[in-house]
Amino acid sequence: MLFQKYSRACAALFAFLFLLASAAQAQTAKLPNVTILATGGTIAGTGATSTTTVGYTAATVGVQALIQAVPEIARVANVSGEQVFQIASENMGNEHWLILAKRINTLLAQPNVDGIVITHGTDTLEETAYFLNLVVRSRKPVVVVGSMRPSTALSADGPINLYNAVNLAGSPQAVGKGVLVAMNDQIHAARDVTKANTTTTDTFRSTELGMIGYIQGGKPFFYREVTRKHTVESEFDVSKLDALPQVDVAYAYANVGDVAVKALVAAGAKGLVHAGVGNGSLPAKTKPALVAARSQGVVIVRSARVGQGIVARNGEANDDQLDFVVSDTLSPQKARILLMLALTKTNSTKDIQRMFHTY
Ligand code: DGL
């Protein structure tokens, strides 16, 4: 009699545990699969004290520790992590971008990967995001995230930014939106976002063209979409590239001469972005060096250091006559990226100008 009661209790317990396990498995099966590719930066940084928000060391905490520091992530996605690099992002280079882009495209081609989060230093985050916006060959969400305070700081912004980024990367609403930047509860498009403050947590702004949404309570709310081509609509393919053409930026300011332009061309630049004053104006002391560079086959893009607005073709310079390209609204650092990719396909300034009006 007692044995029968005992075996019935065991059977009931087993059934309960089986149901619990099945429910958990069903829940996990419903969660999106998100891969976190870690590259370093402040989000992986550590400071000497909890109040150290400047003067800390970036790129010290590994991807597994970043994930373990936010256990809430496991409730919203099945997450795996890869440490692609461990660098401060001021040291990000073309070679890093090619490795990252190829890894992303390999992962996104797998049916069991629903989205990707890239943890990154904020200094060049906007550049990596724009580069990926032009070379990722998938509509699946790719979200770039960082933080302005190291992981050891009071009110560190990294954990919530990472939680938001994972939610966004696993969200069906983020499909087909291009590469996104998730910082400070905001969603920005890769093309238009820029780091606008040296230290504050609201540093990422899409200024006049505007951010595209919010993340609230772990859920994305979109209010606009980008009109320029990206990802699967892009004509750029880096899968077979081991290097990118050398393209540099020459900055204009009062009293500037032609030393920087000449030095960059002598060092082998195949393309040169001029970060002009105002509407991309060419200082008289710089212009001859740019014209000479063009005559040597260097493609010149007139951009502007001001940060907002369209650099008008044939506005401050006769671009048709000079055979220069204008950057549209792209910042000098992003114009460099598009020109670099353009030069992997063509040297035609007509075709390159089309690209600057397309992406
Ligand atoms: N060294 C900077 C970088 O890795 C720190 C800034 C940050 O990540 O917020 O971009």
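The values are calculated or read from the model by the stated rules, or taken from the named source; none is laboratory data. Keep in mind that what you see is a predicted model, and the values were worked out from it rather than measured. Positions of Cβ are backbone-derived with ideal geometry, glycine not excepted, and every protein chain shown enters the neighbour counts.
Observations, loosely collected:
- Residues within the stretch 203-221 that are among the β-branched types (Val, Ile, Thr) and free of Cβ contacts under 8 Å to residues at least 60 places away in the same chain, tallied: 2
- When THR46, THR51, THR35 are screened for being more than 16 Å from the ligand (Cβ to nearest atom) and closer than 21 Å to THR200 by Cβ, only THR51 passes.
- Residues being within 16 Å of the ligand (Cβ to nearest atom) and out of contact with any Ser or Thr (no Cβ under 8 Å at 6 or more places or on another chain) - total across the stretch 66-82: 0
- Matching entry among PRO288, PRO283 (being touching a Phe, Trp or Tyr at 6+ places or on another chain (Cβ under 9 Å) and farther than 27 Å from LEU134 by Cα): PRO283
- Qualifying position, being under 23 Å from GLY170 (Cα atoms), out of contact with any strand residue (DSSP E or B) (no Cβ under 7 Å at 6 or more places or on another chain) and of a type outside the set (Lys, Arg), among THR231, THR199: THR231
- For first residues located in the stretch 173-202 and closer than 9 Å to GLY213 by Cβ, partners that are hydroxyl-bearing (Ser, Thr, Tyr) and surrounded by fewer than 24 Cβ atoms within 10 Å (Cβ to Cβ) and lie 6+ apart or on another chain with Cβ distances below 7 Å form the pairs GLN186/TYR214; ILE187/TYR214; HIS188/SER206.
- Verdict on SER151 being at pLDDT below 95, within 16 Å of the ligand (Cβ to nearest atom), of a type in the set (S, T, N, Q) and buried (at least 18 other Cβ atoms within 10 Å of the Cβ): yes
- Helices (runs of 4 or more DSSP H) enclosed by the stretch 81-172 - at least 3 residues per element that are out of contact with any Gly (no Cβ under 6 Å at 6 or more places or on another chain), of a type outside the set (S, T, N, Q) and within 23 Å of GLY47 (Cβ to Cβ): 158-169
- The stretch 234-245: number of residues that are polar (S, T, N, Q) and either in contact with a strand residue (DSSP E or B) (Cβ under 8 Å, 6 or more places away or on another chain) or crowded, with 20+ Cβ neighbours inside 10 Å (or both): 0
- Unmet requirement for LEU264, which otherwise passes all of (1) in contact with a strand residue (DSSP E or B) (Cβ under 7 Å, 6 or more places away or on another chain); (2) without any contact (Cβ under 8 Å) to a residue 24 or more places away in the chain; (3) in a loop (DSSP other than H, G, I, E, B); (4) not charged (D, E, K, R): (3)
- Candidate set from the stretch 107-123 (those that are over 11 Å from LEU37 (Cβ atoms) and among the polar types (S, T, N, Q)); member that is nearest to the chain's Cα centre (by Cα): THR122
- In the stretch 179-228, residue surrounded by the most Cβ atoms within 10 Å (Cβ to Cβ) [restricted to those that are among the hydrophobic types (A, V, I, L, M, F, W, C) and either modelled with pLDDT under 95 or part of a loop (DSSP other than H, G, I, E, B) (or both)]: ALA190
- Per the conditions (1) of a type in the set (S, T, N, Q); (2) surrounded by fewer than 21 Cβ atoms within 10 Å (Cβ to Cβ); (3) more than 10 Å from the ligand (Cβ to nearest atom), the sole criterion not satisfied by ASN133 is (2).
- Residue match in the stretch 83-90 (condition: of a type outside the set (S, T, N, Q), within 16 Å of the ligand (Cβ to nearest atom) and out of contact with any strand residue (DSSP E or B) (no Cβ under 9 Å at 6 or more places or on another chain)): yes
- Applying the set (1) farther than 27 Å from THR52 by Cβ; (2) basic (Lys, Arg); (3) over 13 Å from the mean Cα position of the chain (by Cα) to ARG191 leaves exactly one unmet item: (3).
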